[in-house]
Amino acid sequence: MAWFQVDIFKKCVEVDLHDYSHRTAILVAREKIKEAYEHGFRYIKFIHGGAGIRRKEDGGGIKFALRSMLKSGELARWVEERDSKNHRIRDDSLIFALLINDTQIDMDWKEMPMNEYWR
């Protein structure tokens, strides 16, 4: 089940992308990255699954899409440069280090979309 959790002390948002299609997971990831940055958070952790998958051809589309987003620079407005030592790339999750935002907002967080897959 997809969910997110905000840790105000660690300045980290944790987002579980399970139960989303590849397309929805990427849309949610982009939105939550932007939102975490706007709120002045320093990290965002995505739980993407696919821990045992080592090659894109074997599955793990969300895992490899998130890595590609970082490498391509498309997140450069919100995320530290791709070679930053502050990112954590793991088999089952990915932590992006966000840029410092001195003009953070204080608003409610947006809800996650409904799950798309039923087990």
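Taken together, the values in this text are just the output of simple stated rules run on the coordinates, not laboratory data. Everything numeric here is computed off the predicted structure, so don't read it as measured data. Reconstructed Cβ throughout: ideal geometry from the backbone, glycine too, with neighbour counts over all protein chains shown.
Around S93, with a cut-off of 13 angstrom between Cβ atoms, what is the net charge of the other residues, counting Lys and Arg +1 and Asp and Glu -1?
+1
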Could you compute the longest span of the chain free of chymotrypsin sites (Phe, Trp or Tyr not before Pro) located in DSSP loops and having at most 11 other Cβ atoms within 10 Å, not counting the site residues? 10-116
Scan [x] 60, 29, 19; [y] 41, 32, 23; [z] 39, 29, 28 for the value of Cα extents along the principal axes in Å calculated from this model and give just the label. [y]
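Counting DSSP beta bridges with both partners in the chain, what percentage is antiparallel, nearest 5?
Values: 13 of 18 bridges.
Approximately 70 percent, going by the DSSP bridge assignments.
Tell me the mean residue ellipticity at 222 nm calculated for the chain from its helices only (DSSP H runs of n ≥ 4, each -39500 (n - 2.57), averaged over every residue, nearest 500).
Values: 2 runs with 29 residues, N = 119.
It lands at -8000 deg cm²/dmol.
Restricting to Cα pairs below 8 Å that are 6+ residues apart, what does the relative contact order work out to for the chain? Please round to a whole percent. Don't skip to the end; give the middle numbers.
Working: 187 pairs, mean separation 38.0, N = 119.
Result for the chain is 32 percent.
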